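Trainee: Pasting in a structure now, in structure tokens, and then I'll have a few things to ask.
The values are calculated or read from the model by the stated rules, or taken from the named source; none is laboratory data. Source: prediction; values computed, not measured. Cβ sites come from the backbone with ideal geometry, for glycine too, and all protein chains shown count toward neighbours.
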Amino acid sequence: MKSFSNIKKATGALLCLSMFLSCVKPLTFSKEDLLIIGSDSTAGILPLYTIDDPADTAVLNAVSADLSNADLMSDYYKILKKRMLATVKDTSNEGVGIAAPQVGINKRLVAIQRFDKKGEPFEFFPNIRIVSLSKEKAWGWEGCLSVPGVRDTVLRSKSVIVTYIDDHTLTEKKDTITGFTAVIFQHEVDHLDGILFTERKLL
């Protein structure tokens with residue numbers, strides 16, 4: 001009886017694993033993405049894509065695609081996060097946020113410094129979308145790592161509601177952000193939709 005019970009448990013576990021794997025979309029990173037990301041977890045900063053190069057501009061103006069669960073569970077995703085963070089914190093060109101297209105990856109992933117939280121940590125937001133913008137707006141100065149040497153004023157909402165995927169639990173989360181941090185969220189999410197801050201006044 002014990003042997004039969006163990007076989008039943010093992011069969012059930014295999015069935016659950018099979019069902020889980022059948023529901024998980026495969027990696028969606030392209031070969032070009034994987035070449036950019038690399039396989040070395042100790043690798044440092046990534047080259048920034050800027051409007052100074054037409055090929056870079058084509059990437060910056062493209063609409064980014066969602067990451068699959070397989071992407072989020074992969075070592076490539078962990079390396080990408082680590083290298084994006086190193087890039088945005090690089091003292092030679094420091095920023096308060098960075099989007100994956102800025103390093104050549106057209107995926108919906110941003111890293112944002114949370115000035116609204118203790119310690120002002122950087123946090124990552126996969127598959128992020130802004131689902132609500134406050135009617136109350138204000139003009140403010142902005143710059144961008146991908147638009148070197150340029151600053152301009154942009155009209156932004158004072159608060160936003162976003163949805164994103166928690167990359168630990170793979171569940172959807174919702175957050176409300178206000179103040180300067182809300183401006184950073186709007187700027188970075190624009191990147192995922194192929195919009196640069198210099199183009200925002202034209203929309």
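Matching residues to (1) over 24 Å from PHE197 (Cα atoms); (2) in contact (Cβ under 8 Å) with a residue 60 or more places away in the chain; (3) basic (Lys, Arg):
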| residue | (1), (2), (3) |
| --- | --- |
| LEU27 | yes, no, no |
| SER30 | yes, no, no |
| ALA43 | yes, no, no |
| ALA58 | no, no, no |
| ALA62 | no, yes, no |
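Trainee: Restricting to the range 51-104, and then to whatever is farther than 30 Å from TRP141 by Cβ and touching a Ser or Thr at 6+ places or on another chain (Cβ under 6 Å), can you tell me which residue is surrounded by the most Cβ atoms within 10 Å (Cβ to Cβ)?
Mentor: Ranking the qualifying residues of the range 51-104, first place goes to ASP71.
Trainee: Which one of these is at pLDDT 95 or above and under 18 Å from ALA43 (Cα atoms): ILE105, ILE112?
Mentor: ILE105
Trainee: Still on this structure, please answer the following. Considering (1) more than 16 Å from the chain's Cα centre (by Cα); (2) under 27 Å from ASP90 (Cβ atoms), say which one HIS191 fails and leave the rest.
Mentor: For HIS191, the failing item is (1).
Trainee: Here is a further query. If GLU94 passes every condition in (1) without any contact (Cβ under 8 Å) to a residue 40 or more places away in the chain; (2) farther than 29 Å from LEU34 by Cβ; (3) outside any strand (DSSP E or B) but one, which one does it miss?
Mentor: GLU94 satisfies every listed condition except (2).
Trainee: Considering only the range 171-193, I want to know if a residue exists there that is in a loop (DSSP other than H, G, I, E, B), under 16 Å from THR57 (Cα atoms), touching a Gly at 6+ places or on another chain (Cβ under 9 Å) and in contact (Cβ under 8 Å) with a residue 12 or more places away in the chain.
Mentor: no
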